[in-house]
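Novice: Here it is, the structure in full.
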Amino acid sequence: MERLDKILANLGYGSRKEVKALCRKGEVVVDGTPVKDSAEKVDPVNSTIEVKGEKINYRKFIYLMMNKPDGVVSATFDNYDETVIDLLDPEYQVFEPFPIGRLDKDTVGLLLITNDGELNHKLIAPKNHVDKVYYAEINKPVEESDIEKFKKGITLDDGYLCMPAKLEVINSDENGSSVHVTIQEGKFHQVKRMFEAVDKSVVYLRRISFGPLKLDETIEEGNFRELTEEEIELLKNV
Ligand code: URA
């Protein structure tokens, strides 16, 4: 049971004071009966709450899939740059969501956003071996020896030994290559630094899957959608 003003304020229906005024006017109806006292405690999960005739969609957690665009940072706040959270509508921002892991400012593609700290923790812990797949364009031809090195574990510039990674070549010629890279960690600039370690540069990077979820290609860059119940279950069972 939770106070009605807390539930509605958290969902973005205004400050507690504004919710109080709504209740006084009889515009908040719980299970068919107007509730005049906003301090009243109700069960947000099992009761039907209507505000101005519209049923509210109560939930504690939100789960979003964004197709991150170029030029936006994966943070909740930044002094200079636009963040992925700035791209959300206020009705989602009130949940105080954050990105699960980070993509670089110039990396595009699948970014999960939630306010579920427990799920976040589970998905970013390297011990859980959650596969992240990237499509990358490389400035040079990628060779068989690179595939072997990725498989054995690349040592980064700071001496860190990466977990084994899968490198698959889609196309490769003297002008460069396109590849899929699968990693289970999320070190700072990891894919770019792995290629630097074999004397190559990533010129384009897009995450195309995260654990059991693939990037929904119908989401345009800069847009997002809520995950379905099935997708949330898949993530929780990782
Ligand atoms: N690896 C990188 O180098 N950058 C990203 O954004 C993600 C993985």
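The values are calculated or read from the model by the stated rules, or taken from the named source; none is laboratory data. Here the structure is a predicted model, which is why all the values come from computation and not from measurement. Don't worry about glycine lacking a Cβ; one is built from the backbone with ideal geometry, like all the others, and counts go over all protein chains shown. Only protein heavy atoms, including side chains, enter the accessible area calculation; ligands, DNA and RNA are left aside. Shrake-Rupley method; radii C 1.70, N 1.55, O 1.52, S 1.80 Å.
Novice: Scan the stretch 30-45 for residues that are part of a loop (DSSP other than H, G, I, E, B) and surrounded by fewer than 12 Cβ atoms within 10 Å (Cβ to Cβ) and jot them down.
Specialist: Gly32, Val45, listed by residue number.
Novice: Output the residues belonging to the stretch 167-177 that are surrounded by fewer than 15 Cβ atoms within 10 Å (Cβ to Cβ) and in a strand (DSSP E or B).
Specialist: Result: Glu168, Ile170, Asn171, Asp173.
Novice: Can you run down the residue pairs with Cβ atoms below 9 Å, 6 or more apart or on separate chains, where the first is in the stretch 173-190 and at pLDDT 95 or above and the partner is among the polar types (S, T, N, Q) and in a strand (DSSP E or B)?
Specialist: Between residues of the stretch 173-190 that are at pLDDT 95 or above and residues that are among the polar types (S, T, N, Q) and in a strand (DSSP E or B), the close pairs are Ser177/Asn171; Ser178/Asn171; Ser178/Ser172; Val179/Asn171; Val179/Ser172; Thr182/Ser209.
Novice: Those residues that are part of a strand (DSSP E or B) and of a type in the set (D, E, K, R), I need them from the stretch 46-82; list them, please.
Specialist: Answer for the stretch 46-82, where residues must be part of a strand (DSSP E or B) and of a type in the set (D, E, K, R): Glu50, Glu54, Lys55, Lys68.
Novice: Between a first residue in the stretch 10-29 that is touching a residue at least 60 places away in the same chain (Cβ under 8 Å) and closer than 11 Å to Val51 by Cβ and a second residue that is aliphatic (A, V, I, L, M) and surrounded by fewer than 19 Cβ atoms within 10 Å (Cβ to Cβ), which pairs have beta carbons less than 9 Å apart while being 6 or more apart in sequence or on different chains?
Specialist: Partner pairs satisfying both residue conditions: Leu11/Val51; Leu11/Ile56; Leu11/Val94; Gly12/Val94.
Novice: Are any residues in the stretch 110-122 within 22 Å of Ala136 (Cα to Cα) and either away from the ligand (no atom under 11 Å from the Cβ) or open to solvent by 60 Å² or more (accessible area, probe 1.4 Å) (or both), and if so, which ones?
Specialist: Matches in the stretch 110-122: Leu112 only.
Novice: Here's another thing I want to ask about it. Given the condition under 20 Å from His121 (Cα atoms) and within 12 Å of the ligand (Cβ to nearest atom), answer yes or no: does some residue in the stretch 141-160 qualify?
Specialist: Scanning the stretch 141-160, I find no residue that is under 20 Å from His121 (Cα atoms) and within 12 Å of the ligand (Cβ to nearest atom), so the answer is no.
Novice: Is it true that some residue in the stretch 113-120 is hydrophobic (A, V, I, L, M, F, W, C), outside the structural domain of Gly12 (by TED's automatic domain parsing), in contact with a helix residue (DSSP H, G or I) (Cβ under 9 Å, 6 or more places away or on another chain) and not in a strand (DSSP E or B)?
Specialist: yes
Novice: Can you tell me which residue is most open to solvent (accessible area, probe 1.4 Å) among those in the stretch 84-109 that are of a type in the set (D, E, K, R) and closer than 16 Å to Asn67 by Cα?
Specialist: Checking each candidate, the answer is Arg102.
Novice: Keeping to the stretch 178-199, report how many residues are acidic (Asp, Glu) and either buried (at least 16 other Cβ atoms within 10 Å of the Cβ) or within 20 Å of Ser74 (Cβ to Cβ) (or both).
Specialist: Final tally of qualifying residues: 1.
Novice: Scanning for something part of a strand (DSSP E or B), more than 24 Å from Leu234 (Cβ to Cβ) and in the same structural domain as His189 (by TED's automatic domain parsing), does the stretch 83-90 turn up at least one residue?
Specialist: No, the conditions are met nowhere in the stretch 83-90.
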